[in-house]
1. What's the total number of residues in the range 14-44 that are at pLDDT below 75 and surrounded by 11 or more Cβ atoms within 10 Å (Cβ to Cβ)?
2. What residue, of 118, 172, is under 13 Å from the mean Cα position of the chain (by Cα), modelled with pLDDT of 90 or more and closer than 22 Å to residue 70 by Cα?
């Protein structure tokens, strides 16, 4: 939010008590959809546009506009090769590795698939000898119609199939020293 100071200059003002905890449906159906349709919000308070692959995960929190333990960014979906659909997820110190398959996000109004969610883990080093870290990320993107044959009957035709942008939600896992297993911060 912006506010004018005594000199007439605009200052950034954070809203006290403001929390940003959107659902998967809200991230894809509202924020990502508006970004792809070139319909910016009047207040770009929460999700900053940034090429996250130019930074390591521990550098991203200080670049975010909000968040203490979890952060959100719009990011263009880069390709590893120009004529390939394979994404480039390499950073300076390592890489983001996908875990599992894309999970569909359905509209609560009907059974239409409005987006896809992919979980990723950050590894330090090169792909063959990478060391797993505590950094996790979810990639939210719109479904691509040609590649989603199994999802085709469920796709919402009002959302453009565009692979150029994604929303990334990331956080660092907290290790539970008593039980020796990792939990996301929101379990504490």
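1. Qualifying residue count, the range 14-44: 2.
2. Working: 172 fails: under 13 Å from the mean Cα position of the chain (by Cα).
Result of the check over 118, 172: 118.
The values are calculated or read from the model by the stated rules, or taken from the named source; none is laboratory data. Because the structure is a prediction, the values reported are computed rather than measured. In this analysis, Cβ positions are derived from the backbone assuming ideal geometry, glycine residues included, and neighbour counts consider all displayed protein chains.
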